[in-house]
Number of protein chains: 2
Amino acid sequence: MPQFRVVTDPDDPAVAPFRAIKERDLVGREGLFIAEGETVLRAFVRDALERVVSLLIDPKRRDKLEDVFASLPEDVPVHFADQAVLDSIAGFHLHRGVLAVGRKPQPVAANALLAGLPARAVVLVLCGIANHDNIGGIYRNAAAFGADAVILDADCCDPLYRKAIRVSVGAALSVPTARLGRGEDIADLLANTGFEALALSPSASEVLARLKPAPRTAVLLGAEGPGLSPDVMARARTVGVPMAKGFDSLNVATTSGIVLHHLRFAEV
Amino acid sequence: MPQFRVVTDPDDPAVAPFRAIKERDLVGREGLFIAEGETVLRAFVRDALERVVSLLIDPKRRDKLEDVFASLPEDVPVHFADQAVLDSIAGFHLHRGVLAVGRKPQPVAANALLAGLPARAVVLVLCGIANHDNIGGIYRNAAAFGADAVILDADCCDPLYRKAIRVSVGAALSVPTARLGRGEDIADLLANTGFEALALSPSASEVLARLKPAPRTAVLLGAEGPGLSPDVMARARTVGVPMAKGFDSLNVATTSGIVLHHLRFAEV
């Protein structure tokens, strides 16, 4: 069981990592992240227990979370603070009443991550996804359909940003992830590790619904608007999702769901 | 061509419908709605020109929008206001610089809308979707995959709310829509108009990827959390999207995209 503490002073040094949450969302937390809400906390404790640092909880939620507390190691403190103290620590009204601080994992090299995956594997490669809703939505789909890893290019936002974690329903805490260095060549990397690069393109002649994927498939997803660079597109197998007249784009998170669903279930 | 006017006084009565936008988002606009941004404006003018009431534009955007202005009827005024005046009218910083006021369509009876659709048709039936991001995302997918109509129950939020229109990339302005009265029985309505009701359920024995749909199919989508009522589920054909261990839900907008993609392209 963890240590339980009651916090009555918002300036209590023990809850320093929970202080002024929104301001520090912007500047980063040097190796730590904030997870919020009961659903995310449950996913965190289930999937990445070794990275839980401490919790800050509205005592009204205590009973509902007893099973979560019971699964925590002894060295993880659980701080309880009433709503007013909680709001004062966090710097905004925290209606979810559940916060956790976590430790970010050590960076992993994309090359090593890809090489170590099974002979049949699906990974997502995200290029320039800078919107936290979209990156969170993509992680949620990656977890739901059992994608083996996510590779981020240097222009993607942080999937361990508070809102991205929330939108991912905690999946950002568990899907194996590597980030490319700036200028690192994703096409070379995929070729060297035996992954076929698949890129969505409105001008592709092959249709997603008829696609028979390679055993190791990497789905490249770019931001709406700029999309994928011509260089990346030129070296990928392009597939299209035909759309109704006048419409030419899907949200990138929705696209990830449609592609992953096809890759997982299609018998073409 | 429309009438062009320059607005220098934020209190000019001609721009009254654009005033205090966020406050009036909350209380409604009595038959009017606000559309914002160039992409949405282009969709609005292309798909629902007869419902455009007036525009308010940052003159810096004028050149880029000449083709849009040329397509407007004479009785639609285009107001130009510099950023500071624009912000003062709208009540917040309007970085998109493009606003339109539109007239909501007359309500249509769900029964008449469904009965009038072709023999092969796909509609979405939304039950208790109260989140504007989700409803906007669902409309975007409905338009992208050519769904024939959207039916809203009495608990859904307004798809013509400003943010929902934006997330839908304007699709909320063009997809035929009807709203059910409270207590109106959706299962009866679908049966009477020859639509098979399809409901997603984790416990279904039939899998979406193998589903061969009826000629007229209605996809029922409920809010995350509560989902669809047991009564609605009991009278629908249930299909499942199997998920990886530990994960049991997809975002509802993503789900709509996966289902519509299957219904449009699957050859089962």
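The table that follows gives values for the structure above.
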quantity: Potential lengthening between residue B:69 and residue B:82 on full extension [0.36 nm per residue; Cα-Cα distance subtracted]; calculated: 2.9 nm
quantity: Nm distances between copies for residue B:5, ranked from closest, using label points 7 Å along Cα→Cβ; calculated: 6.3
quantity: Equivalent-ellipsoid semi-axes of the protein assembly as shown, from the Cα gyration tensor, Å, largest first; calculated: 38, 31, 26
quantity: Three-way shape label, the stretch B:113-189, alpha-carbon gyration tensor, a/c 1.5; calculated: oblate
quantity: Per-residue average of Cβ from other chains inside 10 Å of A:237-246; calculated: 4
quantity: Value of Rg/Rh across the stretch A:110-266 [Cα atoms, Kirkwood radius]; calculated: 0.93
quantity: The stretch A:3-103 - Rg (one decimal) and Dmax (whole number), Cα, Å; calculated: 12.4, 34
quantity: Shielding of B:134-147 by partner chains, average beta-carbon count, 10 Å; calculated: 4
quantity: Teacher prompt: residue A:67 distances to equivalent labels in other copies, 7 Å Cα→Cβ, nm; calculated: 5.8
quantity: Solvent-accessible area, 1.4 Å probe, carbon plus sulfur percent, for chain B; calculated: 52 percent
quantity: Ellipticity estimate at 222 nm from DSSP helix runs (n ≥ 4, -39,500 (n - 2.57)) divided over chain B, nearest 500; calculated: -8000 deg cm²/dmol
quantity: Square roots of five times the Cα gyration tensor eigenvalues for chain B, Å; calculated: 39, 18, 17
quantity: For the stretch A:215-268 and the stretch B:16-53, distance of Cα centres in Å; calculated: 32 Å
quantity: The stretch A:96-144-the stretch B:178-206 distance, computed between alpha-carbon centres (Å); calculated: 36 Å
quantity: Restraint check, A:64/A:104; A:22/A:60; B:22/B:163; A:22/A:104, Cα-Cα greater than 21 Å; calculated: A:64/A:104; A:22/A:60
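The values are calculated or read from the model by the stated rules, or taken from the named source; none is laboratory data. Not measured: the values here are computed from a predicted model. Positions of Cβ are backbone-derived with ideal geometry, glycine not excepted, and every protein chain shown enters the neighbour counts. Ligands, DNA and RNA are excluded from the accessible area calculation, which covers all protein heavy atoms including side chains. Shrake-Rupley method; radii C 1.70, N 1.55, O 1.52, S 1.80 Å.
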